[in-house]
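Reading through the structure tokens given below for one structure.
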Amino acid sequence: MKQHALHACKTVAAAMAGLLWGVAAHAQAPASLADYPKQAITVVSPFPPGGGNDGVARLIAQELGAITGQSVVVENRSGAGGNVGTAQVARAKPDGYTLVMSQTSVMAVNPRLYKNVGFDPLKDFAPISQITSAPLVLVSRTESPYKSLNDYLAAARKQPGAITYATPGNGTMSHLMGALVSQKAGVKLVHVPYRGAAPAITDLMGGTVDMLITSPASAEPMVAAGKLRILAMSHGDSVGIFKEAPTLQQAGMEGITADDWYGLFAPAGTPPERIAYLAQAVDQAMKSPAVIAKINSGGSRPVGSQPAAFKTRLQQDTAYWAEMVKTAGVSLD
């Protein structure tokens, strides 16, 4: 069935290519799918190994490899809250062989926080598919005195400037979420950025920081092991062990919400028939019971949207987070 669906996608794409050639004979015909893919595909994860982005990238890469018949390799190119690796893909050859597993914070938030991220998310990329949807999770270590978000905020009121929260990096949505919570609660929280969720979790477990804001996928192993406690979720549409967790709204943080998606992008200018082929392959991958179970286990919901729908979602989130950045008053050099 998988190969049949991809063959149908190639047939439709070939017909589209022929139509375009007939209408505009002077233009170069779109690249054929007859020999795509014919070599390994690289999926860049712009964060270090071990975090949520890396995990989803590897999960999808494994499935795409089986579907396409080519190796799909994940490369971690971290730095600047995901900007470094994402900017590199923006400049890559638009041939469908270099993709990026990006997310809300990189594409919709960072361009409003940094003066120059090195890319324009709406102009430099061709959306392929939104892979997942999930809230952000606020966690403390189980041994800490903070049994709820209100306990944590009460400590911050008693010790202004002494209570910390970690994030996977400056400019991430987690960073902005912390700033919004701090502002809404009227307390002074100290932001401690890391290069990814994995090192932040290590320091949280060691007591170096008081709280971590991250993706459910990054926190799930330690939450499941009973070593991390969920203080709050950015919204209530979650699954698995996060399903019954309290929300920010229940803790009095009305007006603050966030949906942290992961999504696959190619450089702008990638032939549309290759984008369609990849979207079809992702759609097949997202129907796999093993993939659904894995994504659900990390507190996320599988999506697998088509390129046009994902483009619309990106446009909507870009506008929303522009307003949130303005409200939080956060900016980065």
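The values are calculated or read from the model by the stated rules, or taken from the named source; none is laboratory data. This one's a predicted model, so the numbers in the text were calculated from it and none came from an experiment. Cβ atoms come from the backbone with ideal geometry, glycine included; neighbour counts cover every protein chain shown. Only protein heavy atoms, including side chains, enter the accessible area calculation; ligands, DNA and RNA are left aside. Shrake-Rupley method; radii C 1.70, N 1.55, O 1.52, S 1.80 Å.
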Item to complete: Might you check whether a residue that is surrounded by fewer than 21 Cβ atoms within 10 Å (Cβ to Cβ) and small (Gly, Ala, Ser) occurs anywhere in the stretch 209-216?
Response: no
Worksheet item: surrounded by fewer than 15 Cβ atoms within 10 Å (Cβ to Cβ), within 18 Å of Leu122 (Cβ to Cβ) and touching a helix residue (DSSP H, G or I) at 6+ places or on another chain (Cβ under 9 Å), is that true of Ala290?
Response: no
Response to the item:
Only one of (1) open to solvent by 50 Å² or more (accessible area, probe 1.4 Å); (2) of a type in the set (Gly, Ala, Ser); (3) assigned to a loop (DSSP other than H, G, I, E, B) does not apply to Gly252, and that is (1)
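So, in the stretch 185-207, how many residues would count as being assigned to a helix (DSSP H, G or I) and either open to solvent by less than 10 Å² (accessible area, probe 1.4 Å) or in contact (Cβ under 8 Å) with a residue 12 or more places away in the chain (or both)?
Final tally of qualifying residues: 9.
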Worksheet item: How many residues does the stretch 168-184 hold that are touching a Gly at 6+ places or on another chain (Cβ under 6 Å), under 18 Å from Gly50 (Cα atoms) and either open to solvent by less than 10 Å² (accessible area, probe 1.4 Å) or among the small types (Gly, Ala, Ser) (or both)?
Response: 2
Discussion item. Being open to solvent by 60 Å² or more (accessible area, probe 1.4 Å) and at pLDDT below 95 is the filter here; which residues of the stretch 29-49 pass it?
Written reply: Ser32, Ala34, Asp35, Pro49
Practice prompt. Taking Lys227 as the residue in question, decide whether it is more than 26 Å from Thr318 (Cβ to Cβ), open to solvent by 20 Å² or more (accessible area, probe 1.4 Å) and basic (Lys, Arg).
Written response: yes
Worksheet, complete the sentence: Counting only residues in the stretch 58-111 that are of a type in the set (D, E, K, R) and more than 19 Å from Phe125 (Cα to Cα), the one most open to solvent (accessible area, probe 1.4 Å) is identified as Arg58
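What number of residues within the stretch 286-330 satisfy the criterion of being of a type in the set (Ser, Thr, Tyr), in a helix (DSSP H, G or I) and more than 21 Å from Met233 (Cα to Cα)? Spell out how you get there, then give the answer.
Our first condition is that a residue be of a type in the set (Ser, Thr, Tyr); within the stretch 286-330, this holds for 288, 297, 300, 305, 312, 318, 320, 327.
Retained after the next criterion (residues that are in a helix (DSSP H, G or I)): 297, 312, 318, 320, 327.
The next check asks that each one be more than 21 Å from Met233 (Cα to Cα); those that pass are 312, 318.
The number of residues fulfilling the criteria is 2.
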Worksheet entry | Breaking point among (1) at pLDDT 90 or above; (2) buried (at least 16 other Cβ atoms within 10 Å of the Cβ); (3) of a type outside the set (Ser, Thr, Tyr), for Gly298 | (1)
Item to complete: Test Pro135 against the stated conditions and say whether it is under 22 Å from Ala290 (Cα atoms), touching a residue at least 40 places away in the same chain (Cβ under 8 Å) and open to solvent by less than 20 Å² (accessible area, probe 1.4 Å).
Response: yes
Worksheet entry | Cross-chain or 6+ apart pairs with Cβ under 6 Å, the stretch 244-265 first and farther than 26 Å from Ile131 by Cβ, then among the hydroxyl-bearing types (Ser, Thr, Tyr) and modelled with pLDDT of 85 or more | none
Item to complete: Output the residues belonging to the stretch 208-220 that are of a type in the set (Ser, Thr, Tyr) and assigned to a loop (DSSP other than H, G, I, E, B).
Response: Thr208, Ser215
Discussion item. Given (1) at pLDDT 95 or above; (2) aromatic (Phe, Trp, Tyr); (3) touching a strand residue (DSSP E or B) at 6+ places or on another chain (Cβ under 8 Å), identify the lone condition not met by Tyr277.
Written reply: (3)
Discussion item. Under 6 Å between Cβ atoms, which residue pairs at least 6 apart in sequence (or on different chains) link something in the stretch 269-293 that is among the basic types (Lys, Arg) with a partner that is buried (at least 16 other Cβ atoms within 10 Å of the Cβ)?
Written reply: Arg274/Tyr36; Arg274/Gly96
Worksheet item: If you check Lys158 against the conditions, is it open to solvent by 20 Å² or more (accessible area, probe 1.4 Å) and under 24 Å from Leu228 (Cβ atoms)?
Response: yes
Worksheet, complete the sentence: In the stretch 274-287, residues that are closer than 16 Å to Tyr36 by Cβ and open to solvent by 10 Å² or more (accessible area, probe 1.4 Å) total 4
Worksheet item: Between residues in the stretch 212-241 that are acidic (Asp, Glu) and residues that are crowded, with 19+ Cβ neighbours inside 10 Å, which pairs lie under 7 Å by C-beta distance while being six or more apart or on different chains?
Response: Glu220/Gly298; Glu220/Gly299; Asp237/Pro135
Practice prompt. Residues being in contact with a Gly (Cβ under 6 Å, 6 or more places away or on another chain) and in a loop (DSSP other than H, G, I, E, B): count how many of those fall in the stretch 37-66.
Written response: 4
